[in-house]
Amino acid sequence: MSVAFVTHSDCLKHDMGTHHPERPARLTAIEDQLIASGIGQYLTRFDAPLATDEQLARVHPIEYVRAIREAAPKQGTVHLDPDTAMNPFTLQAALRAAGAAVLATDLVLKDKVTTAFCSVRPPGHHACRARSMGFCIFNNVAVAVRHAIHEHGLERVAVVDFDVHHGNGTEDIFEGDEHVLMASIFQHPFYPYSGADDPARNMVNVPLPAGAGSREFRAAVTQAWIPALEEFEPELVVFSAGFDAHVEDDMAMLRFTDADYGWVTEKIKAIAERHAKGRIVSALEGGYALSALGRSAVQHLRVLGGLNA
Ligand SMILES: [Zn+2]
């Protein structure tokens, strides 16, 4: 079975300004590399639907969802926080990004595909229960997890986050939630300065110092993530797939390579195959060096789809 690729043209219209690193060209960079690598033809493409208030309210208070709807400008730009802004198209993009995660979950849990990747923006893992943060408005991955639990009756869902930044929003949402195990590797100390001290029991957080690369990353996955995931026995694995720990990415100072993203996907896929019938949903988070982002996403997709072409 092929891998689903869920995206929407609305996600290209969300624009926070020419100098903002979280820019529309990120998604086109992924599309470019799908063509260059030749794997694009093996993906089954889906248009992302709009997330509903019911789906969002499993993660965010409905008052927050309404406040975001009301903040959306008719023209110009409105800042939600110092890093996150809305233009007239942002609300649609954010609803599509969360909706993509819901559709991906449905496709995987209804056995239409085994794995699905959401090529969407805005990203989600810094979005807390009731607060936008760090380019994120709705927590797309969290919406997928709660959808899997509430709509499909799953008991155990694992979130695996290899973005260079700690997924503080996802932790805020799932802290102490017995249905969810979150495994995260991130640069520390670094934005958002969370995750290293006293994480919740259902969080497997591995902070890495600036300058850490493939060796440290692979050791952390092997020694910390894998045993915890094996013990948890997830019925679904959801990736927060940020590619900003790449050595070419100036946003941070970790030194991962294209191959590391293929490697970690293989390791996690093996867990999913043992416990979750291979079911994986993945959603794009960060990744700001365009070529590295596109190439790394291809490595991730290649493994998700079993495409060794
Ligand atoms: Zn990031």
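Quick notes
- Some residue of the stretch 81-95 being touching a residue at least 24 places away in the same chain (Cβ under 8 Å), among the charged types (D, E, K, R) and within 16 Å of the ligand (Cβ to nearest atom): yes
- Scanning the stretch 283-303 for residues that are within 16 Å of the ligand (Cβ to nearest atom) and open to solvent by 30 Å² or more (accessible area, probe 1.4 Å) yields a single hit, 290.
- Across the stretch 158-172, a minimum of one residue is classified as surrounded by fewer than 24 Cβ atoms within 10 Å (Cβ to Cβ), at pLDDT 95 or above and either over 30 Å from residue 106 (Cα atoms) or more than 15 Å from the ligand (Cβ to nearest atom) (or both).
- Looking only at residues in the stretch 16-42 that are open to solvent by less than 20 Å² (accessible area, probe 1.4 Å) and under 19 Å from the mean Cα position of the chain (by Cα), the one that is farthest from residue 87 (Cα to Cα) is 34.
- For residue 280: the one exception among (1) away from the ligand (no atom under 16 Å from the Cβ); (2) within 18 Å of the chain's Cα centre (by Cα); (3) open to solvent by 10 Å² or more (accessible area, probe 1.4 Å): (3)
- Out of 150, 179, 125, sole residue that is within 16 Å of the ligand (Cβ to nearest atom) and either under 20 Å from residue 224 (Cβ atoms) or surrounded by fewer than 24 Cβ atoms within 10 Å (Cβ to Cβ) (or both): 125
- Within the stretch 133-147, considering residues that are touching a strand residue (DSSP E or B) at 6+ places or on another chain (Cβ under 8 Å) and open to solvent by 20 Å² or more (accessible area, probe 1.4 Å), the one nearest to residue 241 (Cα to Cα): 135
- Residue match in the stretch 251-274 (condition: touching a Pro at 6+ places or on another chain (Cβ under 8 Å), open to solvent by less than 50 Å² (accessible area, probe 1.4 Å) and away from the ligand (no atom under 16 Å from the Cβ)): yes
- The condition (being surrounded by 15 or more Cβ atoms within 10 Å (Cβ to Cβ) and under 19 Å from the mean Cα position of the chain (by Cα)) is satisfied by just one residue among 72, 48, 130: 48.
- Per this entry, residue 53 is counted among residues that are of a type outside the set (Lys, Arg), without any contact (Cβ under 8 Å) to a residue 24 or more places away in the chain and open to solvent by 50 Å² or more (accessible area, probe 1.4 Å).
- For the stretch 1-15, the set of residues classified as hydrophobic (A, V, I, L, M, F, W, C) and surrounded by 21 or more Cβ atoms within 10 Å (Cβ to Cβ) consists of 3, 4, 5, 6, 11, listed by residue number.
- Residue, nearest to residue 52 (Cα to Cα), within the stretch 128-143, restricted to residues that are in contact with a Leu (Cβ under 8 Å, 6 or more places away or on another chain) and either within 15 Å of the ligand (Cβ to nearest atom) or part of a loop (DSSP other than H, G, I, E, B) (or both): 138
The values are calculated or read from the model by the stated rules, or taken from the named source; none is laboratory data. This one's a predicted model, so the numbers in the text were calculated from it and none came from an experiment. Cβ: placed from backbone, ideal geometry, glycine included. Neighbour counts: every protein chain shown. All accessible areas refer to the heavy atoms of the entire protein, side chains included, with ligands and DNA or RNA removed. Shrake-Rupley method; radii C 1.70, N 1.55, O 1.52, S 1.80 Å.
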